Amino acid sequence: MTPMRQADVTRNTLETQITVRVNLDGTGKSVLNTGVGFFDHMLDQIARHGLIDLEIEAKGDLHIDAHHTVEDVGITLGQALAKAWGDKKGLTRYGHAYVPLDEALSRVVIDLSGRPGLTYGVTYTRAMIGGFDVDLIREFFQGLVNHAGMTLHIDNLRGDNSHHQAETIFKAFGRALRVAASPDPRMAGVTPSTKGVL
């Protein structure tokens, strides 16, 4: 196992100031302060179910709306993940998870391919979860995959409650990421690709 699979990334723009700290070999602890309560709740699902220690401090232009904050957290988290797993030698590379929550069920499949790609098959039953615009969930994952260099397929297979739909997506992402980023002892020092590089 790589001894230090951790990263600390700060990203400052005129719209947001964000710091992300990640430990891929954590226990699921999180300290989250984005200013967007529902979003913090979803990020906690990634940490808890991915067994990733995650700290995120974000200050954004929430007087406009949450769009820049949510998207830029995705970008910065993607950068931190890419930095933490480095050259990806010895990693499992692929991960998938199905997660239910009452009537809702989602499937997430990850390939740490080095090629950013998001396929997002989700139709929410409501446009807003409290004051949170569900369109921002796609923006978060798009920013993340672009900067983590992963291929990500997200499908909500069923659900009547939009909160449940969203929560199953974030839980499944955490579980799938936990598998994909896990070291495979049989692949120690080996890049999991016939190309020899990811």
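Restricting LEU105, LEU144, LEU136 to residues that are touching a strand residue (DSSP E or B) at 6+ places or on another chain (Cβ under 7 Å), among the hydrophobic types (A, V, I, L, M, F, W, C) and not in a loop (DSSP other than H, G, I, E, B) narrows the list to LEU105. The selection criterion, being surrounded by 23 or more Cβ atoms within 10 Å (Cβ to Cβ), among the charged types (D, E, K, R), over 30 Å from GLY196 (Cβ atoms) and touching a Gly at 6+ places or on another chain (Cβ under 9 Å), does not hold for ASP53.
Just checking, does segment 66-83 include any residue being out of contact with any strand residue (DSSP E or B) (no Cβ under 6 Å at 6 or more places or on another chain), farther than 16 Å from ALA180 by Cβ, touching a residue at least 40 places away in the same chain (Cβ under 8 Å) and outside any helix (DSSP H, G or I)? Yes, because at least one residue in segment 66-83 is out of contact with any strand residue (DSSP E or B) (no Cβ under 6 Å at 6 or more places or on another chain), farther than 16 Å from ALA180 by Cβ, touching a residue at least 40 places away in the same chain (Cβ under 8 Å) and outside any helix (DSSP H, G or I). Looking across segment 103-147 at every residue that is basic (Lys, Arg) and touching a helix residue (DSSP H, G or I) at 6+ places or on another chain (Cβ under 8 Å), the one that is farthest from ALA180 (Cα to Cα) is identified as ARG126.
Just wondering, is there one or more residues in segment 150-164 that are touching a Leu at 6+ places or on another chain (Cβ under 6 Å), of a type outside the set (Lys, Arg), over 20 Å from THR92 (Cβ atoms) and assigned to a helix (DSSP H, G or I)? Taking every residue of segment 150-164 in turn, at least one turns out to be touching a Leu at 6+ places or on another chain (Cβ under 6 Å), of a type outside the set (Lys, Arg), over 20 Å from THR92 (Cβ atoms) and assigned to a helix (DSSP H, G or I). Filtering segment 116-133 to residues that are under 18 Å from PHE39 (Cβ atoms), without any contact (Cβ under 8 Å) to a residue 40 or more places away in the chain and assigned to a loop (DSSP other than H, G, I, E, B) leaves ARG126, ALA127.
Restricting the first member to segment 86-115 and to residues that are surrounded by 15 or more Cβ atoms within 10 Å (Cβ to Cβ) and of a type in the set (D, E, K, R), and the second to residues that are at pLDDT below 95 and assigned to a loop (DSSP other than H, G, I, E, B), the beta-carbon pairs closer than 6 Å and six or more apart or on different chains are LYS88/LEU198; LYS89/GLY189; LYS89/THR191; ARG93/PRO192.
The values are calculated or read from the model by the stated rules, or taken from the named source; none is laboratory data. As the structure is a prediction and not an experimental result, all values here were calculated from the model. Using ideal geometry, Cβ is built from the backbone for each residue, glycine included, and neighbour counts are taken over all protein chains shown.
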